[in-house]
Structure formats: structure tokens, C-alpha cells
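Reading through the C-alpha cells given below for one structure.
The values are calculated or read from the model by the stated rules, or taken from the named source; none is laboratory data. The structure displayed is predicted, hence computed values, not measured ones. Here the Cβ positions follow ideal geometry from the backbone for every residue, glycine too, while neighbour counts run over all protein chains shown. Heavy atoms of the whole protein, side chains included, go into the accessibility calculation; ligands, DNA and RNA do not. Shrake-Rupley method; radii C 1.70, N 1.55, O 1.52, S 1.80 Å.
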Amino acid sequence: MEIHFFINLFFAYSLFGYLLECIVLSAEYKKLVTNRGFVHMPFCVIYGFGAVGAYLFLKPFTYNWLLLALVSSVMATTMELVTAAVMVRIFGYFWWDYSNKKFNYRGIICLESSIGWGLLGIFFFFFLDGFAKKQISRIPEPIGRPLAMIVAFLYVTDFLLCMYQRLRSGEDESNDIGRLKIS
């Protein structure tokens, strides 16, 4: 498979993550939440990286659903910890807040979300991954190749613009729910 296939797949997972977050948070807060990513585009790339990481590191665990859920939970929770640490280092805060959840650590991780990540790992391997690959493979190469380059270029441009704006202003304009400042 060509690189454009994987780029399009990465952004498909990033879009899925964005939609998942908007749906879950809209239900939780009982109001429409549409602004969940770092950038203006509808992508949460941590889900793209999570999907790539899951495929590379968790595939050997697919023989046992319980073990897969456990390892998925550990991997995604670790990604949350690392992502929060990087965001706190750069911005002084991160874009979610689990401090109102039971069994949380500094609002960064919580048992409820860790269990959810485990279930998402099962969903990823037994439904989403095959479905997403099938849909992306339906895009003809003359469309898929430029699509990957255009989306990647637009994302990188949007990311750099948002990074510049946030570093310059010291504020986060990208997120309307769950920003926790760490002092």
C-alpha cells in the first residue's frame, strides 16, 4: 500500500476521534460541543496516532478480547498522560478535565476513560479498522494521492497557525469544554 493510503487513513481516524469526542461530550454536558481539536479543522490527531500505535503494538493481543482491552487501556491512558505533560510544558494547561470523575489523577486520567479506551480498542480491531481501510481503499489513486497531500498540507498549515496564535496570546481558543490549568 502506498503512503497516501496511510495518510488518508490517519486523517480518517483523526476525524473519527473528533466526532467521537463531540458526541460523547455533547451527551455529557447536554449541549452541543463541536470544538474539540487543537486546530480549526475537525481532526483530533491523537486518535490518528492512537490508531497507528494500536495497529503496530496491539495486533498481537487480538486473540484475547480481555487482554486487548487491558493493553488498549494502558496504551491510551499513557498517551493521555504524555500528551497532557507536553501540553502543560508548552501551554501551561491541557484540553480536558477529568477532575470531576472518580478515581482520577490530577484531572489528566481517570478510571472511566481508561475503561472506555479499552472498549475502544476492541471496537477498533473488530469493526473500525477493517471498515476504515475498506472505505479508504475505495478512493481511486488519482483522487487519493492529491487528497492526502492537500489534507496534510492544510492540517500542517492550520496546526502552525494555531500554535503561533496560542503561543503568542497565551490562551486557548480551540476548546470550549474541559481546559485545566496546572500551576
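Points to keep in mind about this one:
- Here Glu2 meets the list (1) charged (D, E, K, R); (2) open to solvent by 70 Å² or more (accessible area, probe 1.4 Å); (3) touching a Phe, Trp or Tyr at 6+ places or on another chain (Cβ under 7 Å) almost entirely, failing just condition (3).
- Val156 meets the stated requirement of being of a type in the set (Val, Ile, Thr), assigned to a helix (DSSP H, G or I) and modelled with pLDDT of 90 or more.
- Being of a type in the set (A, V, I, L, M, F, W, C) and more than 30 Å from Phe5 (Cα to Cα) is a condition met by no residue of region 67-78.
- Long-range neighbours under 7 Å by Cβ, at least six apart or interchain, first residue without any contact (Cβ under 8 Å) to a residue 12 or more places away in the chain within region 96-111, second buried (at least 21 other Cβ atoms within 10 Å of the Cβ) and of a type in the set (Ser, Thr, Tyr): Asn104/Tyr98
- Verdict on Thr83 being of a type outside the set (Asp, Glu), open to solvent by 60 Å² or more (accessible area, probe 1.4 Å) and assigned to a helix (DSSP H, G or I): no
Table: residues versus (1) without any contact (Cβ under 8 Å) to a residue 24 or more places away in the chain; (2) assigned to a loop (DSSP other than H, G, I, E, B); (3) over 30 Å from Phe153 (Cα atoms); (4) within 11 Å of the chain's Cα centre (by Cα).
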position: Glu28; (1), (2), (3), (4): yes, no, yes, no
position: His40; (1), (2), (3), (4): no, yes, no, no
position: Phe49; (1), (2), (3), (4): no, no, no, yes
position: Tyr55; (1), (2), (3), (4): no, no, no, no
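For (1) modelled with pLDDT of 95 or more; (2) open to solvent by 40 Å² or more (accessible area, probe 1.4 Å); (3) assigned to a helix (DSSP H, G or I), each residue gets a yes or a no:
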| residue | (1), (2), (3) |
| --- | --- |
| Val74 | yes, yes, yes |
| Gly144 | yes, no, yes |
| Arg166 | no, no, yes |
| Ser174 | no, no, no |
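- Every residue from region 21-39 that is surrounded by fewer than 18 Cβ atoms within 10 Å (Cβ to Cβ), out of contact with any Cys (no Cβ under 7 Å at 6 or more places or on another chain) and within 21 Å of Met87 (Cα to Cα): Asn35
- Some residue of region 99-113 being aromatic (Phe, Trp, Tyr) and more than 26 Å from Met1 (Cα to Cα): yes
- Per the conditions (1) at pLDDT 95 or above; (2) surrounded by fewer than 16 Cβ atoms within 10 Å (Cβ to Cβ), the sole criterion not satisfied by Asn100 is (1).
- Exclusive hit being touching a Leu at 6+ places or on another chain (Cβ under 8 Å) and within 25 Å of Phe125 (Cβ to Cβ), set Thr62, Thr78, Thr83: Thr62
- Residue selection: Ile115 satisfies the criterion of being surrounded by fewer than 18 Cβ atoms within 10 Å (Cβ to Cβ), under 22 Å from Phe16 (Cβ atoms) and either among the hydrophobic types (A, V, I, L, M, F, W, C) or in contact with a Cys (Cβ under 6 Å, 6 or more places away or on another chain) (or both).
- Hits in region 42-72 - residues which are closer than 17 Å to Leu15 by Cβ and open to solvent by less than 40 Å² (accessible area, probe 1.4 Å): Phe43, Cys44, Val45, Tyr47, Gly48, Gly50, Ala51, Ala54
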